[in-house]
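All remarks here apply to the structure that follows.
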Amino acid sequence: MSKKNLNPGLRTIQPLCSPLSLTAFRPLKLTFTYRYNRHITYILAALLLCLCIVKSGRSQSTGAQPAHLTAQQFIDQLLQKMTLEEKIGQLNLSVMSGGAVTGTTMSADIVTHIKSGRMGGIFGIWDPAEIRKIQQLAVDSSRLHIPLLFGLDVIHGHKTIFPVPLALASSWDTALIRKAARVAGIEASADGINWVYSPMVDIARDPRWGRVVEGAGEDPFLGSQIAAAMVKGYQGDDLSLSNTVMACVKHFALYGAGVAGREYNSVDMSRLQMYQYYLPPYKAAVDAGAGSFMTSFNDINGMPATANHWLLTDLLRGEWGFKGFITSDYGSVSELANHGLGTPAQVAALALKAGTDMEMVGDLYINTLKQSLESHKITLAEINSSCRRILEAKYRLGLFKDPYHYLDLKRSKKLEMTPEHLELAKEAATNSFVLLKNDGILPLKPTGKIAVIGPLADSKENMVGAWNIAGDPQQCVTIVEGIKNFVAGDGTVTFQKGANITDDSLLRKRVNTFKKEITTDPRSAEEMIRDAVKSAENADVIIAVVGEAADMTGESASRTEINIPSSQQRLLKALRKTGKPMVMVLMNGRPLTLNWADKHANALLDVWFPGTTAGPAVADVLFGQVNPSGKLTMSFPRSVGQVPIYYNHKSTGRPFDEQKDGSKFKSDYLDQSNLPLYPFGYGLSYTKFSYGPIKVSDQHPKGNQTITATVKVTNTGKYRGKETLQCYLTDPVARVTRSVQDLIGFKKISLAPGESREVPFEISTRSLSYYDEDLHFGWDPGAFIIRIGTNSRDTESIKIDWEK
C-alpha cells in the first residue's frame, strides 16, 4: 500500500503504527482510497490506531506532542513516565562511525543504546536518508519514542562553504555574517541537521593557536556583535521551523587563552580579565537567545570547564540567566581523569553536578551515573534537571510534534548550493579580503601575460579552509581558474606550482591526517623553482598565491613559527629576483609574520580561505571589479617573539615610546619594535579616505546622558569604496588599570569618488563602563578621549569631560 493512496486520516497516523505492519490487514482486502466513504475510512483509521497503540505501547503523551498541553506540562508528564536509565540516556551524545570524528574515543553499541532509550543525540552524519533511518529507530523502537537531536560542526557553511570565520569577521559586516549563518542553517537543516556546533566566540590574542581561524579575533566588542549575529542567523525567529537550527556556542570558556597557544592547554587568569575581555561574546550569545553551549577542554584556575560549577551554574545559569542545555566537548568528560580529578565514575559525577547536561562521546554518564546516584554522589534532581533541559530543546525544535520535519529528502536538492547561496558566499569572500599593501599595482588590468605561481593557486582541497565538514572541495573554483575565467579573451595566463606547500615530511603527514591538502611534486624543489622563474620571466606580472594549507590551522594545529613555510619563501625570493612586478595573494587562517613580503611584494592581498567561490572572488578583487574593504580583527606581529600581541593592551608604569630610539628601562624589546606590523582594524582600499576632526554634541555631558560623536569622511580617490570607521575610547583615570583604548563602535559605509558623509556614533555611559576589582560594572566621572579612525593606530581624537 503506497502512502500516497492513504486517506488523510490514515496517512496522519500511519507513521505511529510501526513496528505494527499494515500488511497484517491485507487478508481483509481493504483498499483505503478516496473512493470509499469518508466516515467509514475514519472509523477504520481509528480502529487501526487503537491496535497500533496496544501493540507498540505508544501514546501521544509519550512521544508525540498533544496540542492541549503546554511545554512544561508535556515534559512533566514525559519525565514521570521515564525510567532512570531513560533519563540518563537523554544525556548521552554519540558520534556515528564514519562521520566527523574530532577525538580518539568512539561510542559503542549505538543501535542498542537507541533502541533502549539510552541516546539523546547523534552527531557526525549529514545524509538525510540515513538520519531518517536512525530517527525512525529511536521513534519506533524505543519504549517512549523520544526523538533524537542530530548535530554537526557547521562552522562556515554547510554545502556552500563561506570564508572561514576569522575572514568573515574581517568584513566587519554583521548583517552579512548573519545572512551567511542563515544560509548555513537552511542547508544544514535540509540535510536533517537540527543542531550546529557554532559559533565559536573565543577571544584569541595568540596567533600560534590554530583555532583563531574559527573565531572573530581579539576584540570583545566586535566579537560580541558577531556572536549575536551568528546565533540569530542560525536560529531565526522560530526554532520550530524546519529551516532553522539550534546554535551551540563554544567553547565555554576562555579557550582562546591557552598557555603558549597550545591546543587543549591550561588557562589561568583573573576574574577581572575574564569579565572585561574574554566573557562578553559568550554573554552576547546568551542575550541573543542561544539554545545550547559547549564546554571547553581547558581548566580555569585549576578546575576544568566541564566540571566547573562556578562557570556553568553560578555564572552561565545564575548570573546570566541561560535557560538552554550544556554539552561537553568531544570526550571532555572522560578526559577529566587526565586532569587528575578521579576515576571515570567520579569525573562523570563532577561534570553532572557542575552543570554539564550532555556528554559528547565517552559513555561515562550512561555507564556510571546510576551507581553514583545509588551511592549518593549525585541526586535524582540533578539528573532530572539535565534531562529536562535536553527535552525542552527537542520541544523547541518541534521534534515532538514531528520527529521527521527536518527530513524532507527533496529539500537538500532544492536548497543546497543554489545560485543565491553561491552569490552570497562570493559577496562574503570579497568583503573579507584585506589589502595589506599596494604600491599602486592593484587593481590589475585583465590584459597581457599573467603568471600565476604558487602551490595554493590550483588546490581545490585548500580553498575551503579548516572545519569544512560537509562541503565538497571539488565544487570549489580555484584561484587560477577564477583568474583564467576573468581574463579570457583579453589576456593569457600561465600556471606553475613553484613549490610544495611545505617540504617538512612530519608537518605534511600531520596536516594530511584527514585529506590530502599538501601534495609532493615529483620534481625537485630546484626544478619547480626553475620552471616558475621561467614562467615569470615571460610574463608582465606575477600573481604569487602562497600561505598555509587549510589544516595548518584549526583544531590541533598550533604552530611555533607563524611564517610562510620555507619552501614557499625560497620561491618568493627567486621570483623577486626576476624584477617583474609581484602581487602576493595570501591564504591563511591566522596572522602570519610577513616582514619580507611587506618589504618586497608590490601588493599583498590577504584572502584567508575564501570557500567555494574562491576563484571568482579573488579575480573580482585583483582586477578591480570589487574594491577590497576587509579590516583585520587580529594584530599581525612582526615576529612570534611579540606574541601575544593585541591592540587593547594595558598601560604600564613604564610605557614604551617608539619615538625615542635607545630608550632604557621601558616596557619594550631591545631588538625590535613593540608595535605590530599591521594593527587591529587595518586594511587598505584602492581608493583613499580622509577624516575630518571629531565633533561632539556635548563636550561636558552629565549623568546618564547620551552624546553623539561625528566625523566627516571623504572619498578622495578614484574608485567607489567601502570604509569601516572605528570608534575607540580611552579612560585616562580609573579605579583599576584600563586598556590604552577599547573599541566601542564601528560602521561600514560606501562612498563614491568625491563623496563625503557625516558619520555619527552614539556614546552612552555604558560605553564608559568597566569592571572594577570587585567585578562591579560602572563608570567614573572625569576625562575621556574619543578616537575615530580607519584602524586602531590611525585615528582622530577629542577629549570630553563627563560629570556624574
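Details
- Contact order relative to length of the range 436-484, as percent, for alpha carbon pairs under 8 angstrom and 6 or more apart: 34
- Between GLN235, PRO147, GLY611, the Cα set farthest toward the positive side of the dipole of the chain (charges on each charged residue's Cβ, about the Cα centre) is that of PRO147.
- Between 0 and 90°, nearest 10: helix 174-190 axis offset from the chain longest Cα axis: 30
- Å² per residue, accessible surface of the range 544-626 at 1.4 Å: 26
- When you filter the trypsin sites (Lys or Arg not before Pro) in the range 476-529 for DSSP loop state and at most 16 other Cβ atoms inside 10 Å of their Cβ, you are left with LYS515, LYS516, ARG523.
- Applying a threshold of 22 Å to the alpha-carbon distances of LYS179/LYS631; LYS426/LYS449; LYS577/LYS718 flags LYS426/LYS449; LYS577/LYS718 as lying beyond it.
- Put a dot 7 Å past the Cα of GLU658, heading toward its Cβ, do the same for THR418, and the two dots end up 4.7 nm apart.
- About the Cα centre, charge dipole magnitude for the chain (Lys/Arg +1, Asp/Glu -1 at Cβ), debye: 1920
- Lysines with Cα under 20 Å of LYS573, excluding same-chain neighbours fewer than 8 positions away: LYS437, LYS497, LYS534, LYS599
- Theoretical FRET efficiency, 1/(1+(r/R0)^6), r = Cβ-Cβ of GLU130 and ASN367, R0 35 Å, to 0.05: 0.85
- Degrees, to the nearest 10: 525-537 long Cα axis against longest axis of the chain: 60
- Judged by the mean number of other Cβ atoms found within 10 Å, the most tightly packed of the peptides 137-144, 652-659, 158-165 leads the ranking 158-165, 137-144, 652-659.
- Mean residue ellipticity (222 nm) of the chain, computed from DSSP H runs ≥ 4 via -39,500 (n - 2.57), nearest 500: -8500 deg cm²/dmol
- Sorting the segments 568-576, 289-297 by their mean number of nearby beta carbons within 10 angstrom, highest to lowest, gives 289-297, 568-576.
- Near-label residues of the range 693-733 by backbone N, under 14 Å of a point 7 Å along Cα→Cβ of LYS804: 702-704
- Mean Cβ count within 10 Å, highest first, over the residues of peptides 487-496, 602-611: 602-611, 487-496
- Net length gained if the chain between VAL259 and LYS577 were fully extended (0.36 nm per residue, minus Cα distance): 110.4 nm
- LYS599 versus GLN569: modelled label distance in nm, points set 7 Å from Cα along the beta carbon direction: 1.2
- Computed FRET value (nearest 0.05) for LEU380 with THR708, which takes r as the C-beta separation and R₀ as 60 Å: 0.60
- Most positive-pole-ward Cα, ALA67, THR343, LEU311, against dipole of the chain from beta carbon charges: ALA67
- Remark: spin-label model distance LYS115-THR343 equals 3.1 nm, labels positioned 7 Å along the Cα→Cβ axis.
- Kirkwood analysis of the chain, using all unique Cα-Cα pairs, places the hydrodynamic radius at 28.5 Å.
- With Cα atoms, 0 to 90° folded angle of helix 128-141 axis to the chain main axis: 40
- Nearest-20 debye value, the range 417-540 charge dipole, Cβ charges on Lys, Arg, Asp, Glu: 240
The values are calculated or read from the model by the stated rules, or taken from the named source; none is laboratory data. These numbers were taken from a predicted model, which means no experiment stands behind them. Backbone-built Cβ (ideal geometry, glycine too); neighbour counts: all protein chains shown. Keep in mind that these areas ignore ligands, DNA and RNA; they rest on the heavy atoms of the full protein, side chains included. Shrake-Rupley method; radii C 1.70, N 1.55, O 1.52, S 1.80 Å.
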